[in-house]
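Novice: Pasting a structure here, questions to come.
Here, each number is a calculation from the coordinates, and none is a lab measurement. No experiment lies behind these values; they were computed from the predicted model shown. Cβ placement follows ideal geometry from the backbone for every residue including glycine, while neighbour counts extend to all protein chains displayed.
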Amino acid sequence: MKKNSPMKQSRWMAWTSCLIAVALLFAVSNSATSCPFCSAPSLTLTEQVSQADAVVLVKWVGGQPAKISDSGSTEFEVVDVVHQPDEGKLAKGSKINLVRYRAAKPGEQFMLFGTKADKMIEWGSPLEVSKSGYDYMRNSPKPTVGTTERLRYFVEYLETGDRMIADDAFGEFANAAYADVAKISKDLPRDRLRKWLTSKDVSPGHLGLYGMMLGLCGDESDAKLMESKILEKTDDFRLGVEGIMGGYLLLTRDAGLEVLETQKLKNKKAQFSETYAAMQALRFMWQYGDGRISHDRLRESMRVLLDRPELADLVIADLSRMKDWSVQDKLMAMYDDEGLIPSVKRAIVRYMLSSTKDTGEKKPGNEAFVANSSGAALEPKETLVLPVHVINGQKCLEELERKDPKTVNEAKRFFLMK
């Protein structure tokens, strides 16, 4: 097989890094208010109900299919009114006609969400719902209820037989902050979580949350289960494995980190996606680990990834956020590598800029004497003693500006936008 040229390899790494950076930016923007290992938060049923001006349960009566010049129509009969505007006149047995066709069978039930427009209600697309789905929605705690109380309700519906209910309950957890999920750790269904992590019937997109949850409520046997899952031989991209790694680290701490470091971070034969998943688990422990693994140990593991060119720009950004200034010399040596792509060079410049901003607290030293208000006497004035990494960072920036002013200026511009 013909190998790619260095030029093509560089382009591939730049493109890969760009895609991951977008994903990382999205993940960081949501991490404070939603599950760290879930996809983009979605609008759940209870949120749709609370935001709509009118919500009704209806059954399909009939309709006219669409034609070339006609969108058709559908007639529904109101079965129950969840809520409506104060002046609303909807009641059981009322008819609602939509100016579009929705195919169904007589008696099939739907929920309609309406928005008040002038004196009318504009109805959205009908949502097919079972009786159990409607009961689930009607009994759901309102968004004004405390998050932990709401989650205790929805946890019972995860992976239930009705797909709409199961997905909606998952959405409630996906939208919840990690701290709120952690508060109900004693209420989490440990046995079911174990089963879901090894089931082929569970959506891969749900596994990250379930892995994290098992890490909050599990024990040593659960850690062994997750380790076996993490170390499975596979060439496939695995959704959710980063959450399983995060839950595994919650239970195993330093010992588990040693396993991930050996098998996923240092192992050059590990799939790129698996290494990146382990990197996400490191970020998770840094933000949410609550001291289970020391920050120094997490920094040490993150530094291992500097030897992975396809991840280097993201790793450098993470080390900057972690305030790990121990690799200044290594990054300066990397900068001179002819094969280094522009995104990594910009990351190095931003790292140096960040290091110069981390001046720490004021400390006594190098006191300068100034005249007091009367001008008659001198008194000491406390000055800032710059840490070594700040001084080194300034020197590195000066050197980079001399040999590559264009990249430095580009990096500074993006740095100011952060």
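Novice: Please give, to one decimal in nm, the separation of the simple spin-label points placed at Lys186 and Ser203, each 7 Å out from Cα toward the Cβ.
Specialist: Once both label points are built, they end up 3.1 nm from each other.
Novice: If you don't mind, there's one more thing I want to ask. Taking neighbour counts of Cβ atoms within 10 Å as a proxy for exposure, in what order, fewest first, do Met164, Met302 appear?
Specialist: On the way: Met164 17, Met302 23.
By the 10 Å Cβ count, ascending, the order reads Met164, Met302.
Novice: So if I place +1 on the C-beta of Lys and Arg and -1 on the C-beta of Asp and Glu, and nothing else carries charge, what would the dipole magnitude of the chain be about its Cα centre? I want it in debye, nearest 20. Mind showing how you got there, number by number?
Specialist: Numbers: 59 positive and 58 negative charges, 168 e Å.
Rounded to the nearest 20 debye, it is 800 debye.
Novice: For the stretch 233-291 and the stretch 81-135, compute the distance between their C-alpha centroids and round to whole Å.
Specialist: Cα centres, the stretch 233-291 to the stretch 81-135: 47 Å.
Novice: Sort largest first and round to whole Å: the equivalent ellipsoid semi-axes of the stretch 45-129, each the square root of five times a Cα gyration tensor eigenvalue.
Specialist: Square roots of five times the eigenvalues give 21, 14, 12 Å.
Novice: Related question: Sorting Glu87, Glu159, Glu401 on the 10 Å Cβ count, fewest up front, what's the list?
Specialist: Glu87, Glu401, Glu159
Novice: What value, in deg cm²/dmol to 500, does the helix sum -39500 (n - 2.57) over DSSP H runs of n ≥ 4 give at 222 nm once divided by the residues of the chain?
Specialist: It comes out at -16000 deg cm²/dmol, rounded to the nearest 500.
Novice: Turning to a different aspect of this structure: Taking the alpha carbon gyration tensor of the chain, what are the square roots of 5 times its eigenvalues, largest first, to the nearest whole Å?
Specialist: Details: eigenvalues 525, 159, 121 Å².
Its equivalent ellipsoid spans semi-axes of 51, 28, 25 Å.
Novice: With a point put 7 Å past each Cα toward its Cβ, work out how far Ser228 is from Gln394 in nm, to one decimal.
Specialist: Result: 5.8 nm between the two label points.
Novice: Rounded to the nearest 20 Debye, what is the dipole magnitude of the stretch 45-129 about its Cα centre when Lys and Arg each give +1 and Asp and Glu each give -1 at the C-beta?
Specialist: Computed about the Cα centre, the dipole is about 300 debye.
Novice: Taking the alpha-carbon distance from Lys395 and a cut-off under 19 Å, which aspartates and glutamates remain once sequence neighbours fewer than 8 residues away in the same chain are dropped?
Specialist: Answer for Lys395, where 19 Å is the Cα cut-off: Asp324, Asp329, Asp336, Asp358, Asp404, Glu410, listed by chain and number.
Novice: I want to check the label-to-label distance for Lys406 and Glu220. Put each point 7 Å from Cα in the C-beta direction and report it in nm to one decimal.
Specialist: 6.0 nm
Novice: Using R₀ = 22 Å, calculate the FRET efficiency as 1/(1 + (r/R₀)^6) where r is the Cβ-Cβ separation of Lys59 and His83; round to 0.05.
Specialist: 0.75
Novice: Give a quick list of trypsin sites (Lys or Arg not before Pro) in the stretch 112-149 that DSSP marks as loop, anything other than H, G, I, E or B, with at most 16 other Cβ atoms within 10 Å.
Specialist: Lys119
Novice: Set the bar at 32 Å for Cα to Cα. Now go through Lys131/Lys186; Lys183/Lys330; Lys186/Lys229; Lys268/Lys345 and name every pair that lies beyond it.
Specialist: Numbers: Lys131/Lys186 30 Å; Lys183/Lys330 42 Å; Lys186/Lys229 24 Å; Lys268/Lys345 23 Å.
Cα-Cα > 32 Å for Lys183/Lys330; rest within.
Novice: Still on this structure, please answer the following. Just want to confirm a number: the relative contact order over the stretch 159-218, from Cα pairs under 8 angstrom separated by 6+ residues, in percent.
Specialist: Values: 31 pairs, mean separation 22.1, N = 60.
Dividing the mean separation by the residue count of the stretch 159-218 yields 37 percent.
Novice: Please compare each pair in Lys195/Lys224; Lys59/Lys95; Lys200/Lys266; Lys323/Lys406 to a cut-off of 18 Å on the Cα-Cα distance and tell me which ones are over it. All intermediate terms of the calculation are to be shown ahead of the outcome.
Specialist: Working: Lys195/Lys224 14 Å; Lys59/Lys95 10 Å; Lys200/Lys266 30 Å; Lys323/Lys406 26 Å.
Violating the 18 Å limit, Cα to Cα: Lys200/Lys266; Lys323/Lys406.
Novice: For an R0 of 41 angstrom, estimate the FRET efficiency from the Cβ-Cβ distance between Thr115 and Asp290 and round to the nearest 0.05.
Specialist: Result of the calculation: an efficiency of 0.45.
Novice: Relative contact order for the chain using alpha-carbon pairs under 8 Å, separation at least 6, rounded to a whole percent? Please list the in-between numbers first.
Specialist: Details: 589 pairs, mean separation 46.4, N = 418.
Computed over the chain, the figure is 11 percent.
Novice: Taking the Cα centre of each part, how many Å lie between the stretch 142-187 and the stretch 325-352?
Specialist: 43 Å
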